[in-house]
Amino acid sequence: MMDTRQLAYFVQVAKDNSFTVAARKLHLSQPALSKMIKKLEEELGVQLFDRSEHKMALTDAGEKLFEEGQKLLLEMDSITEAIQDTKNLRTGNVSVGIPPVIGTSYFPPLIANFRQEYPGINLSIIENGAVTVYEMVEKGYVDLGLVILPELSDRIEYIPVTEDEVVLIVHNDHPLAKKEKVVFEDLKDETFALLNETFLLHHHVIKACREAGFEPNVYFKSSQWDFLTELVCLNQGVSILPRPILARFNSKNIRQIPIEHPEMKWRIAIILKKNRYISFAAKKFIEYVKENIK
């Protein structure tokens, strides 16, 4: 009968698509690992790997076991973590995916204060664009994420945290600098410097431009908001960024202009995978974020 160790070994081989790499990670010899997988195939009465080609591949049965096995191992981890929570209150681990734009705006002091209040909780922050953070949460690579809405999925649970504005930034000498507010139709002939495709804001801006009847002229994309702001300071196009991060950029050469559009809001939410166990550490972090981000 298959046990969790056999399943874990199989999943590792399938992930790495290599017995050699998986054996090294599992601290086993390759022959020993191959023997265990062969025994698992015999017990299940199916072939899990197609070894007939030069490149190893999963069979249909292997694909199914890989898919269901990952879920089962995650559930086992959740059960173990739940039991540990009952033994070790105020301790634990929590991993959080955060886009750099959100991290820059709020997180350095928040993380420092959280660690001071909960010294027994190990906090791991992984910075990535919001699109990647969604994938990490859905696949169980991180416990939770903080992202900009909307990007709705029936596999994700959303906890609203705070809301602010997304604004157009232009150089003081730009003709639009005289406006009190703009609509996307006003930006038809502009040259944009935008956050790249790993950020949901990029997709929101492109969509809004197309809805306004034009394809935006995006001459520069970056993951660094401060670089984009520097370009605008040099009068090299316009950009659209969340207002809170601009408070960190003190320049008299640019002007922030509100945008009239329903999606140009910066709505931050905590996201979690539905039906996944939420550890004590994760619960405390969620509570702390909700109380301290305004």
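Being open to solvent by 10 Å² or more (accessible area, probe 1.4 Å), without any contact (Cβ under 8 Å) to a residue 40 or more places away in the chain and touching a strand residue (DSSP E or B) at 6+ places or on another chain (Cβ under 9 Å) is true for just one of 125, 148, 159. Which residue is that?
125
Residues are listed down the side, and each one gets a yes or a no for (1) in contact with a strand residue (DSSP E or B) (Cβ under 7 Å, 6 or more places away or on another chain); (2) part of a strand (DSSP E or B):
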site	(1), (2)
245	no, no
250	no, no
255	yes, yes
258	yes, yes
263	no, no
269	yes, yes
272	yes, yes
277	no, no
281	yes, no
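Select from the range 259-294 the residues that are over 14 Å from residue 96 (Cβ atoms) and aromatic (Phe, Trp, Tyr) and list them in ascending order.
Those that are over 14 Å from residue 96 (Cβ atoms) and aromatic (Phe, Trp, Tyr): 266, 277, 280.
Output the number of the condition that residue 93 fails; it satisfies all remaining conditions of (1) open to solvent by less than 30 Å² (accessible area, probe 1.4 Å); (2) of a type in the set (S, T, N, Q); (3) closer than 28 Å to residue 120 by Cα.
So the condition that residue 93 fails would be (1).
Could you tell me which numbered condition residue 219 fails, if it satisfies all but one of (1) surrounded by fewer than 19 Cβ atoms within 10 Å (Cβ to Cβ); (2) in contact with a helix residue (DSSP H, G or I) (Cβ under 7 Å, 6 or more places away or on another chain)?
(2)
Out of the range 190-235, which residues are among the small types (Gly, Ala, Ser) and part of a loop (DSSP other than H, G, I, E, B)?
If the condition is that a residue be among the small types (Gly, Ala, Ser) and part of a loop (DSSP other than H, G, I, E, B), then 212, 213, 223 are the ones that fit.
Considering the range 223-239 alone, what residues qualify as being within 21 Å of the chain's Cα centre (by Cα) and either modelled with pLDDT of 90 or more or hydrophobic (A, V, I, L, M, F, W, C) (or both)?
Correct list: 225 only.
Residues being within 19 Å of residue 182 (Cβ to Cβ) and surrounded by fewer than 20 Cβ atoms within 10 Å (Cβ to Cβ): count how many of those fall in the range 234-255.
Qualifying residue count for the region: 6.
Each row is one residue, and each column tells you yes or no for (1) at pLDDT below 95; (2) surrounded by fewer than 19 Cβ atoms within 10 Å (Cβ to Cβ); (3) more than 15 Å from residue 238 (Cα to Cα).
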{"site": "177", "(1), (2), (3)": "yes, yes, no"}
{"site": "180", "(1), (2), (3)": "yes, yes, yes"}
{"site": "192", "(1), (2), (3)": "no, no, no"}
{"site": "197", "(1), (2), (3)": "yes, yes, yes"}
{"site": "205", "(1), (2), (3)": "yes, no, no"}
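Restricting to the range 62-78, and then to whatever is open to solvent by 40 Å² or more (accessible area, probe 1.4 Å) and aliphatic (A, V, I, L, M), can you tell me which residue is modelled with the highest pLDDT?
72
Which one of these does residue 37 not meet: (1) part of a helix (DSSP H, G or I); (2) exposed (fewer than 14 other Cβ atoms within 10 Å of the Cβ)?
(2)
What are the pairs, 6+ residues apart or on separate chains, where a residue within the range 66-79 that is farther than 16 Å from residue 12 by Cα and among the hydrophobic types (A, V, I, L, M, F, W, C) has its Cβ under 8 Å from a residue that is at pLDDT below 85 and not in a helix (DSSP H, G or I)?
Once the first residue is farther than 16 Å from residue 12 by Cα and among the hydrophobic types (A, V, I, L, M, F, W, C) and sits in the range 66-79, its partners that are at pLDDT below 85 and not in a helix (DSSP H, G or I) give 79/277.
Mind telling me which of the residues 135, 165 ends up being of a type in the set (Asp, Glu) and open to solvent by less than 80 Å² (accessible area, probe 1.4 Å)?
Being of a type in the set (Asp, Glu) and open to solvent by less than 80 Å² (accessible area, probe 1.4 Å) holds for just one of 135, 165, which is 165.
The values are calculated or read from the model by the stated rules, or taken from the named source; none is laboratory data. All figures in this text were calculated on a predicted structure; none of them were measured in a lab. FYI the Cβ positions are ideal-geometry reconstructions off the backbone, even for glycines, and counts take in every protein chain you see. In case anyone asks, the SASA skips ligands and DNA or RNA and just uses the protein heavy atoms, side chains included. Shrake-Rupley method; radii C 1.70, N 1.55, O 1.52, S 1.80 Å.
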